[in-house]
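The values are calculated or read from the model by the stated rules, or taken from the named source; none is laboratory data. Quick caveat, the model's predicted, so the values are computed rather than measured. So basically every Cβ, Gly included, is an ideal-geometry build from the backbone, and we count neighbours across all protein chains shown. Each accessible area value is taken on the protein alone, full model and side chains, heavy atoms only, with ligands, DNA and RNA left out. Shrake-Rupley method; radii C 1.70, N 1.55, O 1.52, S 1.80 Å.
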Amino acid sequence: MIRIDAVTKRYPDGTVAVDRLSLEIPDRAITVLVGPSGCGKTTTLRMINRMVEPTEGSILLDGQDIRQQPVNTLRRSMGYVIQNAGLFPHRTILDNIATVPRLLGRSRRQARDRAAELMERVGLDTALAKRYPYQLSGGQQQRVGVARALAADPPVLLMDEPFSAVDPVVRKQLQDELLRIQEELGKTIVFVTHDIDEAIKLGTRVAVLRTGGRLAQYAPPAELLSAPADAFVEDFLGADRGIRRLSFFPSADLELQTAPLVRADADAGTLAARATAVPYLLVTDPDGRPLGWSEPGRLTAGAVDREQLLDYGRPFVPGTDSLRAALDGAVLSPTGWAVAVDGEGRAVGVVSQQVIGEAIRAAHGRVAERAGEAAGR
Amino acid sequence: MNGFFDLPSDLGQSWLGLVGLHLREALLPVLAGLLVSLPVAQLCVRFRWIYPPVLGIATVLYAIPSLAFFVVLIDYFGQSETTVMIPLALYSLVVLVPAIVDGVRSVPPETLAAAQAMGFGAVRRYFQVQLPLAVPAIIAGLRVATVSSISLVSVGMLIGNQGALGNMLYAAQTYGRPALAVNAVLTIGVLGMLADAALVLLRFLLTPWMPRKGAGR
């Protein structure tokens, strides 16, 4: 555990970058520091590996003051990922990744073997090993940055806006990749960003800092969305707070209806039987993959015109996706029903906006109950 | 017979001998200049405030004519190669110091931050990150310094035939053989170009990490 204890950073010109900040950063989780520019988030991160020394207060790593070990020993025990990757332009990808193991005295051979292993772990083609950084895309360079930080298998990973300079599509890939790697490795990650969506997506806990380096709120993302501490946090979270919060409600409990599912090659009898039950039918191909919605009267057995079908929006996977995805699917579909599919993309049922709405209310109820229990204890 | 490469015997050297002498008198000062410039430039990077005065001193030194240097230096080193080479070494500073300072400063800040964060000490950071990345800028400076040094060596003829190929210019006058002057000028020009080409090649070999699109300059 990293314990930041009443830390202040004041510069000689009087500017206060961090103001009596206290945070407990749990092991094996991603803790995100988020806030507008000038909130001291990067300064805070850099105090953890002593690239910045606090003016007051102390930082403890597993109970020991970080000033008790030589500074370079401390730094080599913490991976560091920076915006724009900060790779060494004059070293090959493999040697960039092998940097810290080499500093720790591993042989060149060992360090390079380890580096090659890490390239695979972060999703880089090992054919890139002998290339130089300028030959890689921004996203690839950032992956190298992550691999380099992980090379010596440090328990702690410090990440300073690592994905800010890449385009949104690559950023999403890198975020997903980080979550996957974290699932495998379970590092203690401190992640700095100014992007609240990134914070909510990645953080196990999120610390919102305000300008002047004061802590505004420190909570798990779902709590941040449901109960922002003050107007600043609420404002920083931005619009659609309620919708985004649905990301934390599971869709597994939604009651799915299978009656409206009908295959494109269904016979007249089946069509007639289904037609009475529901206002719309979801037509699927013979494998069960959704094709589109149709009013029952417009369907003729054996001759489904795919052009006539209504768009079915974006299907969700019950259990894997959240209520947000389910609601999104229902809103996108002109019929107001969301389509649920399995991992293979086969329709397993449909669910109406009303049912999703009830599930949301139920989820709120459960959260309130838990909060009540917690308060009662 | 008076062939193009046959020199008057009082020059005391064959043409090839003069070429070797010329290269030594031109390149040793640049090398000395580089050895002085590296630590000086590092100080200028470290303590920003000393850079302007250092640059001022280098510029003033460059403005002093070599003859003026010779007058002073002859008292200590006589009419020797050393007397010729000391001013040349000082002249090279005006190019080399800024070249190295710019080169070291051009290292991307995130690269330096990453080096620091990975536990590089200041010395390791200088030798393993800043200096290698400054190589293109240093070599660009060396190219200017080397070519100008090769041409400036000739002045040494003024102090008793210490100007290597430049001595041929004097001999051309004395013996009424203009061909000697043509020879000297051409040879010095070719040496300059070859030295420059050698440095470009050196940079190419030392920096496989640089983008190679439109290589050359």
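Scan the stretch B:91-112 for residues that are within 16 Å of A:His90 (Cα to Cα) and not hydroxyl-bearing (Ser, Thr, Tyr) and jot them down. Outline the logic, then answer.
Step one: of the stretch B:91-112, the residues within 16 Å of A:His90 (Cα to Cα) are B:103-112.
Scanning the stretch B:91-112 gives B:Gly103, B:Val104, B:Arg105, B:Val107, B:Pro108, B:Pro109, B:Glu110, B:Leu112.
The rows are residues; the columns are (1) within 21 Å of B:Ser14 (Cα to Cα); (2) within 14 Å of chain A (Cβ to nearest Cβ); (3) touching a residue at least 60 places away in the same chain (Cβ under 8 Å); (4) not β-branched (Val, Ile, Thr).
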residue: B:Arg125; (1), (2), (3), (4): no, yes, no, yes
residue: B:Ala134; (1), (2), (3), (4): no, yes, no, yes
residue: B:Ala137; (1), (2), (3), (4): no, yes, no, yes
residue: B:Ala145; (1), (2), (3), (4): no, no, yes, yes
residue: B:Gly163; (1), (2), (3), (4): yes, no, yes, yes
residue: B:Ala181; (1), (2), (3), (4): yes, no, no, yes
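Give me the pairs, please: first residue somewhere in the stretch A:22-44 and free of Cβ contacts under 8 Å to residues at least 60 places away in the same chain, second residue anywhere and among the hydrophobic types (A, V, I, L, M, F, W, C) and in a strand (DSSP E or B), beta-carbon distance under 9 Å, and either six or more positions apart or on two chains.
A:Glu24/A:Ile2; A:Glu24/A:Ile4
Filter the stretch B:89-122 for residues that are among the polar types (S, T, N, Q) and open to solvent by 30 Å² or more (accessible area, probe 1.4 Å) and give the result. First the steps, then the outcome.
First pass over the stretch B:89-122, keeping only residues among the polar types (S, T, N, Q): B:92, B:106, B:111, B:116.
B:Ser106, B:Gln116, listed by residue number.
Can you tell me which residue within the stretch B:44-88, out of those that are open to solvent by less than 70 Å² (accessible area, probe 1.4 Å) and part of a loop (DSSP other than H, G, I, E, B), is modelled with the highest pLDDT?
The initial filter retains those residues of the stretch B:44-88 that are open to solvent by less than 70 Å² (accessible area, probe 1.4 Å), namely B:44-45, B:50-51, B:53-56, B:58, B:61, B:64, B:66, B:68-70, B:73-74, B:78, B:80-88.
Going one step further and asking which of them are part of a loop (DSSP other than H, G, I, E, B), we end up with B:64, B:78, B:80.
On the way: B:Ile64: 92, B:Gly78: 85, B:Ser80: 86.
If we take residues in the stretch B:44-88 being open to solvent by less than 70 Å² (accessible area, probe 1.4 Å) and part of a loop (DSSP other than H, G, I, E, B), then B:Ile64 is modelled with the highest pLDDT.
Pick out the one residue from A:Val166, A:Val192 that is touching an Asp or Glu at 6+ places or on another chain (Cβ under 9 Å) and closer than 30 Å to A:Glu120 by Cα. Steps first, please.
Numbers: A:Val166 fails: touching an Asp or Glu at 6+ places or on another chain (Cβ under 9 Å).
Criteria check complete, one pass: A:Val192.
Looking at the stretch A:148-156, can you tell me whether even one residue there is among the β-branched types (Val, Ile, Thr) and crowded, with 19+ Cβ neighbours inside 10 Å?
If we filter the stretch A:148-156 for residues that are among the β-branched types (Val, Ile, Thr), which is where we start, we get A:156.
With the extra rule that they be crowded, with 19+ Cβ neighbours inside 10 Å, the set shrinks to A:156.
Within the stretch A:148-156, one or more residues are among the β-branched types (Val, Ile, Thr) and crowded, with 19+ Cβ neighbours inside 10 Å.
List pairs: first in the stretch A:64-81 and more than 11 Å from chain B (Cβ to nearest Cβ), second buried (at least 18 other Cβ atoms within 10 Å of the Cβ) and part of a strand (DSSP E or B), Cβ under 7 Å, 6+ apart or cross-chain?
If the second residue must be buried (at least 18 other Cβ atoms within 10 Å of the Cβ) and part of a strand (DSSP E or B), the pairs left are A:Ile66/A:Ile59.
Going by the structure shown, is B:Val19 open to solvent by less than 30 Å² (accessible area, probe 1.4 Å), in a helix (DSSP H, G or I), out of contact with any strand residue (DSSP E or B) (no Cβ under 6 Å at 6 or more places or on another chain) and closer than 16 Å to B:Gly156 by Cβ?
On the way: open to solvent by less than 30 Å² (accessible area, probe 1.4 Å): yes; in a helix (DSSP H, G or I): yes; out of contact with any strand residue (DSSP E or B) (no Cβ under 6 Å at 6 or more places or on another chain): yes; closer than 16 Å to B:Gly156 by Cβ: yes.
Yes; evaluated as a whole, the condition is true for this residue.
Can you name the residue in the stretch A:35-63 that is among the β-branched types (Val, Ile, Thr) and within 14 Å of chain B (Cβ to nearest Cβ) and, of all such residues, is least open to solvent (accessible area, probe 1.4 Å)?
To start, the set of residues in the stretch A:35-63 that are among the β-branched types (Val, Ile, Thr) comprises A:42-44, A:48, A:52, A:55, A:59.
Checking which are within 14 Å of chain B (Cβ to nearest Cβ) leaves us with A:42-43, A:48, A:52.
Values: A:Thr42: 41, A:Thr43: 24, A:Ile48: 2, A:Val52: 22 Å².
Checking each candidate, the answer is A:Ile48.
When the stretch A:101-128 is examined, which residues are found to be within 11 Å of chain B (Cβ to nearest Cβ) and open to solvent by 10 Å² or more (accessible area, probe 1.4 Å)? Break it down into steps so the answer makes sense when it comes.
Filtering the stretch A:101-128 down to residues within 11 Å of chain B (Cβ to nearest Cβ) leaves A:101-104.
Passing the criteria: A:Arg102, A:Leu103, A:Leu104.
Going residue by residue through the stretch B:146-157, is there one that turns out to be under 30 Å from A:Asp95 (Cβ atoms) and at pLDDT 95 or above? Don't jump to the end; show me each part of the working.
First pass over the stretch B:146-157, keeping only residues under 30 Å from A:Asp95 (Cβ atoms): none.
Checking the stretch B:146-157: not a single residue is under 30 Å from A:Asp95 (Cβ atoms) and at pLDDT 95 or above.
Determine if the stretch B:197-208 includes at least one residue that is charged (D, E, K, R), within 14 Å of chain A (Cβ to nearest Cβ), assigned to a helix (DSSP H, G or I) and under 19 Å from the mean Cα position of the chain (by Cα).
Filtering the stretch B:197-208 for residues charged (D, E, K, R) gives B:203.
From the residues that got through so far, the ones that are within 14 Å of chain A (Cβ to nearest Cβ) too are B:203.
With assigned to a helix (DSSP H, G or I) added as a condition, the list becomes B:203.
Then keep just the ones that are under 19 Å from the mean Cα position of the chain (by Cα); that gives B:203.
Yes - at least one qualifying residue is present in the stretch B:197-208.
Select from the stretch A:325-346 the residues that are open to solvent by 60 Å² or more (accessible area, probe 1.4 Å) and assigned to a helix (DSSP H, G or I) and list them in ascending order.
Looking only at the stretch A:325-346, we keep the residues that are open to solvent by 60 Å² or more (accessible area, probe 1.4 Å), and these are A:328, A:331-332, A:334, A:343-344, A:346.
If the condition is that a residue be open to solvent by 60 Å² or more (accessible area, probe 1.4 Å) and assigned to a helix (DSSP H, G or I), then A:Asp328, A:Val331, A:Leu332 are the ones that fit.
All but one of (1) in contact with a Leu (Cβ under 6 Å, 6 or more places away or on another chain); (2) in a loop (DSSP other than H, G, I, E, B); (3) more than 30 Å from A:Arg121 (Cβ to Cβ) hold for A:Ala239, so report the exception by its number.
(1)
Mind telling me which of the residues A:Gln135, A:Gln141 ends up being free of Cβ contacts under 8 Å to residues at least 60 places away in the same chain, within 14 Å of another protein chain (Cβ to nearest Cβ) and crowded, with 16+ Cβ neighbours inside 10 Å?
Exactly one of A:Gln135, A:Gln141 is free of Cβ contacts under 8 Å to residues at least 60 places away in the same chain, within 14 Å of another protein chain (Cβ to nearest Cβ) and crowded, with 16+ Cβ neighbours inside 10 Å, namely A:Gln141.
Among the listed residues A:Thr204, A:Thr270, A:Thr211, which satisfies the condition of being in the same structural domain as A:Gly329 (by TED's automatic domain parsing), surrounded by fewer than 19 Cβ atoms within 10 Å (Cβ to Cβ) and β-branched (Val, Ile, Thr)? Break it down stepwise before answering.
Working: A:Thr204 fails: in the same structural domain as A:Gly329 (by TED's automatic domain parsing); A:Thr211 fails: in the same structural domain as A:Gly329 (by TED's automatic domain parsing).
When all the criteria are applied, what remains is A:Thr270.
Checking A:Gly349 against (1) touching a helix residue (DSSP H, G or I) at 6+ places or on another chain (Cβ under 7 Å); (2) modelled with pLDDT of 90 or more; (3) open to solvent by less than 60 Å² (accessible area, probe 1.4 Å), which test does it fail?
Of the numbered conditions (1) touching a helix residue (DSSP H, G or I) at 6+ places or on another chain (Cβ under 7 Å); (2) modelled with pLDDT of 90 or more; (3) open to solvent by less than 60 Å² (accessible area, probe 1.4 Å), the odd one out for A:Gly349 is (1).
Go over the candidates A:Ala229, A:Ala216 one by one and state the one that is under 24 Å from A:Ala6 (Cβ atoms) and touching a helix residue (DSSP H, G or I) at 6+ places or on another chain (Cβ under 7 Å). Explain how you work it out, then say what you get.
Working: A:Ala229 fails: touching a helix residue (DSSP H, G or I) at 6+ places or on another chain (Cβ under 7 Å).
Checking each option against the conditions leaves just A:Ala216.
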